[in-house]
Structure formats: C-alpha cells, structure tokens
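The values are calculated or read from the model by the stated rules, or taken from the named source; none is laboratory data. Just so you know, these numbers come straight off a predicted model, no measurement behind them. Cβ coordinates were reconstructed from backbone atoms using ideal geometry, including for glycine residues, and neighbour counts include every protein chain displayed. Accessible surface areas use protein heavy atoms only, side chains included; no ligands, DNA or RNA. Shrake-Rupley method; radii C 1.70, N 1.55, O 1.52, S 1.80 Å.
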Amino acid sequence: MKLHPMSVPYRSLSRSLSTGSLFFFVGIIASPGGAGGNLLVIGAMVVVGIVLGIAYEYAYYKRFRYEITPDTFDVASGVVSRRDREVPVRRIQNVDVRQNVLQRALGIAAVHVETAGGGETEITLQYVDEAEANRLQRQLRNGSSSRSRSRATAGDRETTDDLESGDTRPGEDELLFEIRRNELAVLSVFTIDPGASALATIALSFASGFDPTTLVPIDLLEADLPGTGLIALAWAVLIFLFAAWVLSAVLTFSRYYGFRLTRVGDELHYERGLLQRYSGTIPLEKVQTLTIEESIPFRWFGYGALAVETAGYAPGQSGSRGTESAIPLAERGRVRRLARSIEPFEREDLERAPLRARERYAFRYIGVLCLIMGVGYLLATYTEVVEDWHAFAVLLFVVPVAAHLKWANRGFQFGDRYFFARTGFWRRTTKIVPYYRVQSVVYQQTLFQRRRRLASITADTASSAAFFGRAATAYDIDVTRALQVQQGLNERLQERLLERKRRRQLDRWFDGDDVGSGVSVDDDQKSHTDGLDIDGLDGSETTNGGHGSRKESPTEPEPPDEHEHERRDEPNETRDRPSSEDDRDRTDGRDSSNSQ
C-alpha cells in the first residue's frame, strides 16, 4: 500500500523551505559581482532548491510501500538507497496516531510504530489517510495481541484469516477516564512546562521590540535612591515569570485537552490534544509498574496522577508518547479506582523508616549548608563578590522541618502480591510493583548508611525507569528489615515463577487434548493474569495469611497399562532378542547401564 497523495504537497512544503534556504546561502556565496547578477543567481538557486525538494518528495512517495502480513509489518522506503524492514507484529509495543491542525484539515495523519526494547520510533508513516491510520492502529494492535494469545491451532488460523481480510473490528470501548473541566483548569494553572521559559524569552523580546527599556524601568537602575536597582530587577523577573506561567498554562491546556482513556480488550487506548492530536495504546500485559503521583500543590486540593510504565519504556521518556500519563490529573479516589482496575492491589499500609534515618537527613542538610557558608566565606575574604556570607545560617532553622518532611514522605509495604515504595515531598510518588514483574532485587548500603545500620532495597523491573534511577526503592530502612524484605521478594518471585511454570505445563496438556479447537493461552497473557488472585486455582498452592506457605497437592497415580501383563508373560528371549549385531551391542549396553 502507498501513502496518501496529499503527503506529497505537505512534505514538499517543509522540504522546499529547507532546501530553498540552503540554496539561498549557496547562491549568495557563488553569485558574481553586481547587484542585478546577485539577485538573479540567488533567485535561480532558490528555485532550483524548491524544485529539487518537490522532486525528492514525489520520488519518496512513489517508492514508499507498506504491507501487513499475518506475522510482520513490512515497509520499503528510500529514494537513493532502498531500505526494507520487517517488524514482527508480536514485538509491536505501541502505535501512535498524530495530527496537527493543518493535517486534520487535509484529512491525513502520521502513524508511529514503536517496538519493545526500542528507544525510538521504529517505523513512521508520513502521511496516510485518517481512516487508514485508525485502521492500521486497530489492525496492528489486534494483530499483536492475537498473535500473543494463540499458537498453531485452529484459532490461530482464524486470526490469520481476519488479518489478511482486514477484519479488525475491535471490541466495545469501555470508557475508564475522561478529564473534567475543573481538573484540566487546575492542571493548566499549576503545571510548569520546561519549554515555556524559552518561549517566554522569545515572546518578551518581540513584545518589547527588542528594546528592554520598554518593559523594564531603566531609569530606576540609574537613580540614586536606595533599593531602586533591586526593584527594577524584581520587576523584570516578575514579568518573565508571568509570561512563562501564561505560556505554560496554554501549552498544558492544549496538550491534555479532551483526554480520554478507554479499554479495548486487554489494552488501554488514549486520546488527547487540541492543536496536536495524539492517540495510542498501552498493552496491559506489558505493564510493569504503576506510579501514583501526588505533587504539591495538587496534593493540597486532593488531586493526583497515574503513570504507567511498560516493558522497555518509562513515563516521560518521550514527549510524544501517551503512556507517560494514564491519568494526567484527577481526584485521588478516581486515581485509586483506575489503578486497581489495572492491578487489583490491596490497601496501602506503609512502613516508615526508623527515626535514625531522619537524623541522617538532618546531618546531610547541615553539611550542605556548612559547605555553602564555607565557600561564601572564602569568596568574601579574597573577593568582593559576596559580603554577607553568614546570612545562610538562617537556613539552619529550616533543617529539622526539611528532614522531618523527607522522612515522613518515605515508606514501603511488603504486601501479599505487590511491593509498594513511596518517596518525595514536593513530588511524592508511590510505586506499585507486582511480584511477578520483578526482575531482580538490589540491596544497597552506602558508607553513611552502614554507620547507622540502614540500607535500601530496590525491586527492579523490565521498565527502563530503572536506568534513570526511578525504580521502586525502599530507602533507609533497618538492616535487619531490609534483609527480610530482600529474602521475601526473592521467595515471592520464585513462587510466581514456579506457578507460571505449572500453568504452562497445564496449558500444554490442554493444548494436546484440544488441538484444532482453538483453546490456548499465551505466555504474555499468563504473565498478566499472574497478578490476579490465582493462588489455589489448580489446587497446588495456597497462601496462609500472605506468608507464602505452600501446600502440595497429591499426584494421581497413572492408570495401569492394559498390555503390561501380556508383556510380562512373554518370554525374555522374545522381548529382548536383538535383530542384529548392532542391536545386540546396544541392548547389552542398555542392560549393563540398567544394572549399574
């Protein structure tokens, strides 16, 4: 299949601007002397650049092909050098559909396909029809989940026929969350966008006509009155912060306008955006960690957010991805209910760190202040940059409060099926990790922790959040308790792995009995269902108060073979008579090994 024909003029517009600008500077350098000659050569070079850009995009459109097979998503592209890619459907992690205002007016959209374990977009289709983009999203999404649920059975053949015929009718969408007006207003007002500061600088520059004196009273800086310089400086900072806040609110409002989260089968589907429209999926079977965020000042008004970390990706890894926010902002009760619909975790009852951890935080802050005052003293002694270096000593009265708030907002819980870890005062996060998602358990103890008999325990998962230091970690707990948690996490992990192994064995038995009936269970689906309450399902394991005690079920004796008595009655010479010399040698070797 090919791209949309409107992709040629749309891509040619941006391509012509870039190539035209390049040939403009080339024309300036290569033009001969004389004003008329310069304009003629520069204009000719710009036209050549625009024509080359349009020709390149047209050739790109003609040579671009994509196709969905039962097992792969094939894409062939390239103008000068050809590139053929075959992405297995089962490895597709997410399919994003993006549209800006102009693209929505033209009826086209960009499709971005991301795979598990990849840090960037694997395949990008720029641009296809809007209906075709939605069809690709559904077909790739349903195809990946279908391939992961079935193997070579009759049900597998039916799924393949649906993919080949393009029958990708999804199940009925279940609306899980839709942002309200008041929640969007609170989110826009109190969110600080990092890119707003740069935009504020550009906006103020244009507003002032590149003349700072129109916004900042320079006369106060030149006045002899005391404090006028500080007033002018504070006024300039206030104008900058106000402009950055307004732009940040506008950007946040545009980004999360119309945010909707629906559930289609075993996947979450999100849509958001006013000017730039995004839509994508979150596979539930690949969810590694749930993160409940309660930042200040949202926590004061009873609001929170829910982030989902999937295998290979983490919240906030890419600004275009929607998996960074399953819920951007909602009331605390709504956040908890949606989180429990994804993972049915128990009630939170966190354990705090011992009091000596709070003392450690206080001494740490005091050490930082002493270092700052020492640097200030040296600067005041040998330079004239700093004079009142001892003014930082006032912050010593804030140290006990800061240490207590940090200690009070840290905790952990070693539950029956989930591990909880909380940290942070300004941006408090509570991470919920199912035991069957734990990849490794890390025991950490620094030199300062060793002096106070403290340690930290990290439950590492397949999410890339661990690479950025955002894994679920219980900070500064007692050493004895840390060793108990480490041992408990390892035991729970082994129990889950054994349970999953038993389930695979049962599935193989059922698949052997029901070949052709389409009854099968996928490994990824089993890994997702392992998080549910399935203890004692096959009678082989039960839990006792969450302590992980196991009860082995008795194994049933195998039925006797009907022909066993006949074989016993046969003469030994007939049963063990070799047919040749080689068979005699093999028989002798087997008999000798059996006797040994």
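Data table
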item	result
Of residues in segment 310-342 being open to solvent by 10 Å² or more (accessible area, probe 1.4 Å) and modelled with pLDDT under 65, the one nearest to Tyr436 (Cα to Cα)	Gly312
Among the residues listed as Ile29, Ile50, the single one being modelled with pLDDT under 85, within 42 Å of the chain's Cα centre (by Cα) and of a type in the set (A, V, I, L, M)	Ile50
Failed criterion for Gln99 (all others in (1) crowded, with 19+ Cβ neighbours inside 10 Å; (2) over 15 Å from His4 (Cα atoms) hold)	(2)
All positions within segment 241-256 that are hydroxyl-bearing (Ser, Thr, Tyr) and either touching a helix residue (DSSP H, G or I) at 6+ places or on another chain (Cβ under 7 Å) or surrounded by 16 or more Cβ atoms within 10 Å (Cβ to Cβ) (or both)	Ser248, Thr252, Tyr256
Qualifying residue in segment 415-422 (condition: in contact with a Ser or Thr (Cβ under 8 Å, 6 or more places away or on another chain), touching a residue at least 60 places away in the same chain (Cβ under 8 Å) and of a type in the set (Ser, Thr, Tyr))	no
Condition met for Glu130 (modelled with pLDDT under 90 and open to solvent by 10 Å² or more (accessible area, probe 1.4 Å))	yes
Of all residues in segment 48-70 being touching a residue at least 12 places away in the same chain (Cβ under 8 Å) and among the hydrophobic types (A, V, I, L, M, F, W, C), the one that is least open to solvent (accessible area, probe 1.4 Å)	Phe64
Out of Phe73, Phe23, sole residue that is outside any helix (DSSP H, G or I), of a type in the set (Phe, Trp, Tyr) and surrounded by 13 or more Cβ atoms within 10 Å (Cβ to Cβ)	Phe73
Qualifying residue in segment 446-457 (condition: modelled with pLDDT of 90 or more, among the polar types (S, T, N, Q), over 21 Å from Arg336 (Cβ atoms) and in a loop (DSSP other than H, G, I, E, B))	yes
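Residue-by-condition table, conditions (1) open to solvent by 20 Å² or more (accessible area, probe 1.4 Å); (2) more than 23 Å from Asn94 (Cα to Cα); (3) at pLDDT 90 or above; (4) assigned to a strand (DSSP E or B):
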{"residue": "Leu275", "(1), (2), (3), (4)": "yes, no, no, no"}
{"residue": "Ile292", "(1), (2), (3), (4)": "no, no, yes, yes"}
{"residue": "Ala305", "(1), (2), (3), (4)": "no, no, yes, yes"}
{"residue": "Val308", "(1), (2), (3), (4)": "no, no, no, yes"}
